[in-house]
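Shown next, in structure tokens, is the structure this report addresses.
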Ligand code: CP3
């Protein structure tokens, strides 16, 4: 039987009484069962590229909490890795990428699909385990955010080289962005063909772009991704997450043509709710870390502000690793209760 999960109907524009919910980074280090499997796997990438483990980690939060969707367990940096840039995750440091040789990046469908085949296998396994009313969300990083990591090669830097390239050598940056768009498209289509039912595009570092550069480096590349995906897979909802974006949300939404706007913690809900689009977000992960009445009150006020139109509850950024799983249970109960 073919059922459209409730969350997918919200993404397609249905207004619902009780909002659906999932959480960015719902699978991860705040869960003891994740830490156990992560220790067994040895490395984060080994976990990502072993379908049996990655599928298990994807499903772990759904075993504990009443969530409406699973998000594929993988990483946005799988795309540069598949293009041929070396990648490592160092304890305490986060991602470290190898030298970027733009002339040697592989972006053919064959190259990307063969490298990311284990991720597609993970998608298949997860889809087979989920209930018909639970959706599986696939994802990739937005071209600008992925370019930040490829150019600066470290996570916690503020990306000075990428930002300098955007202003001083835009033609060089454009070439990198174009490669990322091509590779990401193969990667997303593979996820959808394997069973992903919605796609989220994470522009985690959109805040580094001013109004004018936002159009060139965030909006336009995402618009190209969306247009190509809509050609091949017209019914798959696409969620855009321009975290911390400055400038007009309306312009970003109109030009990218995403189906859903995911709001960061600082996004203005009053402005967002005037848009004619499904919204997602935007509880502060700090409040989830804290738990208790302040968290519950803010979750209720988000629902009051946004749930009279198509809406899906989420955080404004990922779950912080020190968060107690009991707080997540408390939050989901407050939303669903
Ligand atoms: O549950 C989920 O959200 C699904 C899996 C997921 C991960 N990363 C797992 C992960 C998703 C959707 C991502 C996206 C991602 N990865 C983003 C965009 C979202 C955001 O946070 O803004 C970015 C920027 C990355 C790049 C990345 N991956 C960094 C900077 C780091 C290190 C930071 C850290 O928290 O250690 C990662 C590692 C990472 N990705 C972990 C997880 C669970 C922790 C790795 C570990 O277990 O050691």
*Give me the log10 of I(q) over I(0) for the chain at q = 0.13 Å⁻¹, as the Debye formula computes it from C-alpha points; what are the numbers?*
-0.98
*Which ordering of 252, 217 is given by a fewest-first count of other beta-carbon atoms within 10 Å?*
252, 217
*Hey, could you grab the Kirkwood Rh for segment 197-337? Inverse mean 1/r over distinct alpha carbon pairs, Å, one decimal.*
15.7
*asked:* Sorted from largest to smallest, which semi-axis lengths in Å does the alpha carbon gyration tensor of segment 125-188 give for its equivalent ellipsoid, taking the root of 5 times each eigenvalue?
replied: 33, 14, 8
*asked:* Rounded to whole Å, give me the distance from the Cα center of segment 312-337 to that of segment 231-258.
replied: 25
*Considering only DSSP beta bridges where both residues belong to the chain, give the percentage that are antiparallel (nearest 5).*
15
*Quick one: grab the alpha carbon gyration tensor of segment 1-110, order the square roots of its eigenvalues as a ≥ b ≥ c, and give me rounded if a/c is under 1.5, else prolate or oblate depending on whether a/b is larger than b/c.*
oblate
*In Å, the Kirkwood hydrodynamic radius of segment 152-222 over pairs of distinct alpha carbons?*
13.6
*Give the order of 205, 144 when sorted by the count of other beta carbons within 10 angstrom, beginning with the fewest.*
205, 144
*Which whole number of Å³ per residue matches the convex hull of the alpha-carbon atoms in segment 55-129?*
111
*Pairs of Cα atoms under 8 Å, at least six residues apart: use those to get the relative contact order of the chain, whole percent.*
22
_Length-normalised contact order for segment 14-111 - Cα pairs under 8 Å, 6+ apart - percent_ = 22
_As a test of the formula, what do you get for the chain when each DSSP H run with n ≥ 4 contributes -39,500 (n - 2.57) and the sum is divided by the residue count, at 222 nm and rounded to the nearest 500 deg cm²/dmol?_
-15000 deg cm²/dmol
*Distance from the Cα centre of segment 14-38 to that of segment 265-292, in angstrom?*
16
*How would you rank 58, 18, going from fewest to most other Cβ atoms within 10 Å of each one's own Cβ?*
18, 58
_Top of 275, 67, 225 by mean-square fluctuation, Gaussian network on the chain, Cα under 10 Å_ = 275
*For segment 69-144, what is the relative contact order in percent, using Cα pairs closer than 8 Å and at least 6 residues apart in sequence?*
45
*Taking the Cβ-Cβ separation of residue 246 and residue 133 as r and a Förster radius of 41 Å, what is the calculated FRET efficiency to the nearest 0.05?*
0.65
_Diffusion coefficient, µm² s⁻¹, Stokes-Einstein with Kirkwood Rh over alpha-carbon pairs of segment 87-163 at 4 °C and 1.567 mPa s_ = 86
_Size-normalised alpha-carbon gyration radius of segment 221-278, reference 2.2 N^0.38 Å_ = 1.12
*asked:* Taking the Cα of residue 286, stepping 7 Å toward and past its beta carbon, and measuring to each backbone N in segment 311-331: which are under 17 Å?
replied: 315-324
_What are the equivalent ellipsoid semi-axes of segment 94-248, built from the alpha-carbon gyration tensor (square roots of five times its eigenvalues), in whole angstrom, biggest first?_
27, 18, 14
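Values in this text are rule-based calculations from the coordinates and carry no lab data. All values derive from a computational prediction rather than experimental measurement. Reconstructed Cβ throughout: ideal geometry from the backbone, glycine too, with neighbour counts over all protein chains shown.
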